[in-house]
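J.: Sharing a structure below in structure tokens format, with a few things to ask.
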Amino acid sequence: MAEVLVTGGAGYIGSSVTELLLAHGHAPLVLDNLSQGHCAAIAPGAGFLQADLQDPDAFAHVFAGRKIAAVIHLAAVSVVGDSVRQPLRYYRQNVGGLLNLLDAMRDASVGAIVFSSTASVYGIPEKIPVTERCAVRPINPYGSTKLLGEQILVDAAAADGLRWVALRYFNVAGATELCGEAHHPETHLIPRVLEVVLGQRPHLEIYGADYATPDGTCIRDYIHILDLAEAHVLALDAVLAASPALPAAPIFNLGNNRGYSVREIVACVEKVTGRPVPCVNHPRRNGDPPQLVASHDKIADALGWRPRRGLDEIVVSAWAWRQRHPRGYEG
Ligand SMILES: NC(=O)c1ccc[n+]([C@@H]2O[C@H](COP(=O)([O-])OP(=O)(O)OC[C@H]3O[C@@H](n4cnc5c(N)ncnc54)[C@H](O)[C@@H]3O)[C@@H](O)[C@H]2O)c1
């Protein structure tokens, strides 16, 4: 059976996508340099190659002698603040890595890719909910690298007939039985709140409690990792089949069409864990939009994808995984 190459498949999202690909009868082959990922996160049954997308000679052989039908490209560096401090590294990794990958795919006649993009391409959105027709104006280098990635796919499709889908994730959260969230450093809200619950942080810093939102804190759209992974399987199947359901601009938001404030997340974690979460207010951070809520109607219409899990399931699953792995994959 032809394999599906999953770059970044030892990371948070890639490991769950790999798990679901196996469940759907695909044969995933994980490629990861383990800079952020964990061997223990790679689903049993998946192939694994440790390789770096920055080293084209080292990973060109990945395609040689193998039957790879498509690539799901998740490998990237993705900490917004780091991207502001080290923009060249971000362009080299995220844009350079994609170019190396596309070169190798073209040489091996692999013509289908699903690309991890982000809501950061919208910057401060002009309206809520955010549709794919909203202006794209990233306000940090991370968002710019992902927007450039989308443009590169548009141009490669026009020149080489590449078939592609780009998925713009909003805030991915939650866990499967096997795989959970363990970034270093952890910048995402739900795992940070759980670290407070576990006594690994003294309190939660809330950056901005004076926004024009009902409780003054920022509102974000959280999507369960399993819903997100299901969207990847649908997108992969559509791109493999060159499905006529794919629109000319195959770029899709992945969110829940529903936002929660930082305070609402804290309240949900307190309810699920039965433990208090002390919070300390800090000034706003530059470039944090007050609200970021997706419209996922485009992918619902094109591919029939709809999220099936809400905030409670996200927090329950993240808490269950964290209790089994209090120190992430290290323990
Ligand atoms: N987590 C989110 O909420 C979120 C939101 C929007 C977009 N995204 C995007 O989703 C993708 C996955 O995010 P994640 O949260 O799973 O991050 P992650 O850091 O857990 O996973 C990324 C993986 O890529 C690997 N990697 C990085 N550079 C590499 C390289 N040069 N060669 C080979 N492997 C490399 C890392 O070791 C890691 O395993 C990224 O592209 C990210 O930008 C994530």
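J.: Over the range 207-249, consider all pairs of different Cα atoms and compute the Kirkwood hydrodynamic radius from their mean reciprocal separation; express it in Å, one decimal.
T.: One over the average 1/r among Cα pairs gives 13.5 Å for the range 207-249.
J.: Along Cα→Cβ, 7 Å out, is where each label goes; now give me the distance between the ones at GLU126 and GLU330 in nm to one decimal.
T.: The two pseudo-label positions are separated by 4.5 nm.
J.: Moving on. Translational diffusion coefficient of the range 221-315 at 4 °C, 1.567 mPa s, Stokes-Einstein with Kirkwood Rh over Cα pairs, in µm²/s as a whole number.
T.: 83 µm²/s
J.: Another question about this same structure. Kirkwood hydrodynamic radius of the range 64-107 from all distinct Cα pairs, in Å?
T.: Across the range 64-107, the inverse of the average 1/r is 11.9 Å.
J.: Among bridges DSSP assigns within the chain, what percent are antiparallel (round to 5)?
T.: Numbers: 2 of 40 bridges.
Bridges in the chain are about 5 percent antiparallel.
J.: Continuing with this model, one more query. Using only DSSP helix segments of four residues or longer, with each worth -39500 (n - 2.57), what per-residue ellipticity at 222 nm results for the chain after dividing by its residue count and rounding to 500?
T.: -10500 deg cm²/dmol
J.: Further question on the same structure: Using only the alpha carbons of the range 159-302, what is the convex hull's orientation-averaged projected area in square nanometres? Write down the numbers at each step before the final one.
T.: Values: hull surface 44.9 nm².
Its average projected convex-hull area is 11.2 nm².
J.: Moving on. Taking a temperature of 37 °C and a viscosity of 0.692 mPa s, what whole-number D in µm²/s does Stokes-Einstein yield for the chain with Rh from Kirkwood over alpha carbon pairs? Numbers along the way, then the final one.
T.: Values: Rh = 20.1 Å.
The estimated diffusion coefficient comes to 163 µm²/s.
J.: Distances over 17 Å make up what percent of all Cα-Cα pairs in the range 1-119? Walk me through the intermediate numbers first.
T.: Values: 3705 of 7021 pairs.
The share of Cα pairs beyond 17 Å in the range 1-119 comes to 53 percent.
J.: From zero outward in steps of 10 Å, how is the percent of C-alpha pairs of the range 238-294 spread across the bins?
T.: Calculated over all Cα pairs of the range 238-294, the distribution is 16, 29, 26, 16, 13, 1 percent.
All of the numbers you see were taken from the coordinates with simple rules; none came from a lab. Just so it is clear, the structure is predicted and the values come from calculations on it, not from any experiment. Glycine also receives a Cβ, built like all others from the backbone with ideal geometry; neighbour counts cover every protein chain displayed.
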